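What follows is calculated from the coordinates using simple rules that are stated; it is not laboratory data. Bear in mind the structure is a predicted one, so any value in this text is a computation, not a measurement. With ideal geometry, Cβ positions are generated from the backbone for all residues, glycine too; neighbour counts draw on all protein chains shown.
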Amino acid sequence: MFQQVNAQVLGISVDSVPCLQAWAESLGGIQYPLLSDFWPHGEVSDAYGVMRGEGYSERALFLIDREGILRYIDIHDIEDQPENAVVLQEIRKMDPEAAAKAPAQPESGPEELPTGGVILYCTRWCPGCRLARRWLEQRGIDYTEVDVNASPEAAERVRGWADGKLLTPTYDINGTIVVNNQWDRLSELLDS
């Protein structure tokens, strides 16, 4: 998708290289380079104004054009993920010629989200979501999975349940909402 608009995705973190390697492996691998801003600690994050005094950076997204000009900034809560559609739209603004050549995205109305049963709102990369899948599968519980990064409607629904935050995993168990892995509450709901 990003190649259609001639973009390069890079991840950067104030964590050390071994920590980043372990994180990428825990996700089953990632498709873009990860850069370590570990030493001097947080120098790049500080240069972009997102380094916190506590020693870690804000969750931030920067789009830089071919000339090195910063064109877009998104800084948000650590629990939140940027909307993929918004990021792609901003990238396309930076390279309208390539965007014009890209295949048209099909127009669609609001997505029909599942109802009833056990619905797991999650992301592919979230460690808590992987625990949730494993927990449900070990108990033989059938569930429907909805990726909040792929569905703006699902992301909005989760934000409505979680005081405006995009928290995963979030469970909808026949209309009862459980945010995060509250194992006792989940067992109570699923064992009844």
D (Stokes-Einstein, µm²/s), Kirkwood Cα radius, the range 118-191, 1.002 mPa s at 20 °C: 177 µm²/s
Integer Hz, Karplus 6.51/-1.76/1.60 couplings in order for the range 35-47, x for Gly and Pro: 10, 9, 9, 7, 9, x, 4, x, 4, 5, 4, 5, 4
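Helix-only mean residue ellipticity at 222 nm, the chain, DSSP H runs n ≥ 4 weighted -39,500 (n - 2.57), per residue, nearest 500. What is it?
Values: 7 runs with 63 residues, N = 192.
So the calculated ellipticity at 222 nm is -9500 deg cm²/dmol.
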Choice from Val158, Val179, Val86 with maximal GNM fluctuation in the chain (Cα, 10 Å cutoff): Val86
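Arrange the peptides 114-123, 55-64 so that the one whose residues have, on average, the most other Cβ atoms within 10 Å appears first. Intermediate results must be reported in sequence, preceding the final value.
On the way: 114-123: 17.4, 55-64: 14.9.
For the peptides 114-123, 55-64, the packing ranking is 114-123, 55-64.
Tell me, what is the percent relative contact order of the chain, built from C-alpha pairs under 8 Å that lie six or more residues apart? Intermediate results must be reported in sequence, preceding the final value.
Numbers: 245 pairs, mean separation 31.4, N = 192.
Relative contact order here is 16 percent.
With an 8 Å Cα cut-off and a minimum separation of 6 or more residues, compute the relative contact order for the range 118-191 in percent.
Here the relative contact order equals 35 percent.
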